[in-house]
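Peer 1: Let me give you the structure first, and then I'll get to my questions.
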Amino acid sequence: MANDTKIVNGVTIELTDEEQAERVVAKKTWDDAQTDYVANHKYKDDRIEAYASIGDQLDQLYHDMTNDKGDKSGEWYKAVAKVKSDNPKPE
């Protein structure tokens, strides 16, 4: 197995079988966490990047309310709905 040593007090020593097994489990845990993030949480980051700033969203809401479009016909709703449809939440 690659990288089957460690340095202790400046001395390179071989990992024990138990330490190697622990490293394999830790890597699998890390890989599983990465896979889970991409499958279940990445959409949140993508949405955050796609949303307009809070100030711009409030301005959109103001204009929608001024134009009696405080419902699904307003620009704010359409913009948020597009971000959500472009970056769907995993099932």
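Peer 1: Grab the other residues whose beta carbon is less than 12 angstrom from that of THR29, score K and R as +1, D and E as -1, and report the net. Don't skip to the answer; put the middle values down first.
Peer 2: Numbers: positive: ARG23, LYS27, LYS28; negative: GLU22, ASP31, ASP32, ASP36.
Net of charged neighbours comes to -1.
Peer 1: Let me ask something else about it. On average, how much accessible surface per residue is there in segment 35-91, in Å², for a 1.4 Å probe, leaving out ligands, DNA and RNA?
Peer 2: Details: 4430 Å² over 57 residues.
Roughly 78 Å² per residue, with all protein chains present.
Peer 1: When the helices in the chain are scored as -39500 (n - 2.57) per DSSP H run of 4 or longer and the sum is shared across all residues, what 222 nm value do you end up with, to the nearest 500 deg cm²/dmol? Let's see the in-between values first.
Peer 2: Details: 4 runs with 58 residues, N = 91.
Helix-only estimate at 222 nm: -20500 deg cm²/dmol.
Peer 1: Here is a follow-up. Quick one: net charge around VAL80, please, counting Lys, Arg +1 and Asp, Glu -1 for every other residue with C-beta under 15 Å from its C-beta. Walk me through the numbers before you get to the answer.
Peer 2: On the way: positive: LYS44, ARG47, LYS69, LYS72, LYS78, LYS82, LYS84, LYS89; negative: ASP46, GLU49, ASP56, ASP59, ASP64, ASP71, GLU75, ASP86.
With Lys, Arg at +1 and Asp, Glu at -1, the neighbours total 0.
Peer 1: Moving to a separate point now. Between Rg and the Kirkwood Rh of segment 1-42, both from Cα atoms, what is the Rg to Rh ratio? Don't skip to the answer; put the middle values down first.
Peer 2: Numbers: Rg = 14.3 Å, Rh = 12.0 Å.
Expressed as Rg/Rh, it is 1.19.
Peer 1: Of LYS44/LYS72; LYS42/LYS78; LYS42/LYS72; LYS28/LYS82; LYS27/LYS78; LYS6/LYS44, which pairs sit farther than 32 Å apart, going by alpha carbon to alpha carbon? Numbers along the way, then the final one.
Peer 2: On the way: LYS44/LYS72 22 Å; LYS42/LYS78 22 Å; LYS42/LYS72 27 Å; LYS28/LYS82 36 Å; LYS27/LYS78 43 Å; LYS6/LYS44 38 Å.
Violating the 32 Å Cα-Cα cut-off are LYS28/LYS82; LYS27/LYS78; LYS6/LYS44.
Peer 1: To continue, here is another question. Stokes-Einstein at 37 °C, 0.692 mPa s, Kirkwood radius from Cα pairs: D for segment 1-73 in µm² s⁻¹? List each step's numbers first, then the result.
Peer 2: Numbers: Rh = 17.3 Å.
Translational D for this selection: 190 µm²/s.
Peer 1: In Å, the Kirkwood hydrodynamic radius of segment 44-91 over pairs of distinct alpha carbons? It would help to have the intermediate numbers written out before the result.
Peer 2: Values: mean 1/r = 0.0890 Å⁻¹.
Across segment 44-91, the inverse of the average 1/r is 11.2 Å.
Peer 1: Right, another one. With a sphere of radius 12 Å drawn around the Cβ of ASP64, what net charge do the other residues whose Cβ falls strictly inside it have (Lys, Arg +1; Asp, Glu -1)? If you can, show how the numbers build up before the last one.
Peer 2: Working: positive: LYS69, LYS72, LYS78; negative: ASP59, ASP68, ASP71, GLU75.
Surrounding charge for ASP64 is -1.
The values are calculated or read from the model by the stated rules, or taken from the named source; none is laboratory data. If you're wondering where the values come from, they're calculated on a predicted model, not measured in any experiment. Here Cβ is always computed from backbone atoms with ideal geometry, including for glycine, and neighbour counts include all displayed protein chains. Accessible surface areas use protein heavy atoms only, side chains included; no ligands, DNA or RNA. Shrake-Rupley method; radii C 1.70, N 1.55, O 1.52, S 1.80 Å.
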